[in-house]
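Chemist: Dropping the structure in here first, questions after.
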Amino acid sequence: MSRPGTPGGQPGPQRTTDGASATSEPARAYAELTAGNRRFVSGAPRHPNQDAGHRAAVADGQHPFAVIVGCSDSRLAAEIIFDRGLGDLFVVRTAGHTAGPEVLGSVEYAVTVLGTPLVVVLGHDSCGAVQAARESAATGAQPSGHLRAVVDAVLPSLRRAEAEGVDDIDGIVDIHIAQTVETLLGQSPVLAEAVAQGRCAVVGVSYRLAAGVVRPVTAVPSGLASLDVPNAATDPAAA
Ligand SMILES: [Zn+2]
């Protein structure tokens, strides 16, 4: 039971005025998440909170310590790559981690009703949704059916990448992760208020499919992701 979020039975996380301090609830949640990723990367996961006893214990209510707004990619399963279990993560996934109304509503539910202190946008290298959007933009070919909604949601990030002179796919993915963070905060006054009050933080991270490592791309408040030094040290590509 190493969940860093609200203790069981408490109505919500304590309010702080310094969302970036190491002792704030958002910072503790982020540290817990990256610690789980380090266990996963090292090949020594604990698989916490996955036993029958915990399953029964959380049946009456959930207090997840992080919301994950992630890509649907089958290699990006949140509970596996962060080495967590039942009741820990509130996961919202779409191809290309888009931020439409249902995603925004799901995030707001977790932050306001469940009191979750951290929102993480989870993208990854070689993202197929970003590649599909880039191909559509380059050729002018419209994707069929509802796939077009996914591509349309990624296009603003492509335009931003073009304006910033970024044209490699993983650089574009980083921009799309940052864009998704900004969209969540820009479209959800409820989330923005929770962040302004220090009750919540929003972090964008990029996951490497082969290495299994998450790397912070952006954070609001900005000081939060700097806590991630040990994780960076385990990234073979950073050496
Ligand atoms: Zn993807």
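Read-outs throughout are calculated quantities, based only on the coordinates presented, and are distinct from any laboratory measurement. Every value quoted in this text rests on a predicted model; they were computed, and no experiment measured them. Cβ sites come from the backbone with ideal geometry, for glycine too, and all protein chains shown count toward neighbours.
Chemist: From the set of residues in the stretch 90-104 that are within 14 Å of the ligand (Cβ to nearest atom) and of a type outside the set (A, V, I, L, M, F, W, C), which is surrounded by the most Cβ atoms within 10 Å (Cβ to Cβ)?
Modeler: The selected residue is His97.
Chemist: Given the criterion farther than 29 Å from Gly87 by Cα and more than 16 Å from the ligand (Cβ to nearest atom), identify the matching residue among Arg134, Arg199, Arg148.
Modeler: Details: Arg134 fails: more than 16 Å from the ligand (Cβ to nearest atom); Arg199 fails: farther than 29 Å from Gly87 by Cα.
The unique qualifying residue is Arg148.
Chemist: Which members of the stretch 105-130 meet the condition of being within 14 Å of the ligand (Cβ to nearest atom) and of a type in the set (Gly, Ala, Ser)?
Modeler: Gly123, Ser126, Gly128, Ala129
Chemist: Let me ask another. Filter the stretch 195-218 for residues that are in contact with a strand residue (DSSP E or B) (Cβ under 9 Å, 6 or more places away or on another chain) and over 17 Å from Ala99 (Cα atoms) and give the result.
Modeler: Selection gives Val195, Cys200, Tyr207, Arg208, Leu209, Val213, Val214, Arg215, Pro216, Val217.
Chemist: Need the failing condition index for Phe82 against (1) of a type outside the set (Asp, Glu); (2) more than 15 Å from the ligand (Cβ to nearest atom); (3) under 26 Å from Gly171 (Cα atoms); (4) touching a Lys or Arg at 6+ places or on another chain (Cβ under 6 Å), just the number.
Modeler: Tallying (1) of a type outside the set (Asp, Glu); (2) more than 15 Å from the ligand (Cβ to nearest atom); (3) under 26 Å from Gly171 (Cα atoms); (4) touching a Lys or Arg at 6+ places or on another chain (Cβ under 6 Å), Phe82 fails exactly one: (4).
Chemist: Kindly evaluate Arg160 against the criterion of being under 24 Å from Ala210 (Cβ atoms), among the charged types (D, E, K, R) and touching a residue at least 12 places away in the same chain (Cβ under 8 Å).
Modeler: It is false that Arg160 is under 24 Å from Ala210 (Cβ atoms), among the charged types (D, E, K, R) and touching a residue at least 12 places away in the same chain (Cβ under 8 Å).
Chemist: Every residue in the stretch 178-205 that is in a helix (DSSP H, G or I) and either touching a residue at least 24 places away in the same chain (Cβ under 8 Å) or in contact with a Leu (Cβ under 6 Å, 6 or more places away or on another chain) (or both), please.
Modeler: Across the stretch 178-205, the qualifying residues are Ala178, Thr180, Val181, Thr183, Leu184, Leu185, Gln187, Val190, Leu191, Ala192, Ala194, Val195.
Chemist: Take the conditions within 16 Å of the ligand (Cβ to nearest atom) and part of a loop (DSSP other than H, G, I, E, B) and apply them to Asp60. Does it pass?
Modeler: No.
Chemist: Could you count how many residues in the stretch 53-89 are buried (at least 22 other Cβ atoms within 10 Å of the Cβ), more than 19 Å from Arg208 (Cα to Cα) and either touching a residue at least 40 places away in the same chain (Cβ under 8 Å) or β-branched (Val, Ile, Thr) (or both)?
Modeler: Residues that pass the stated criteria total 5.
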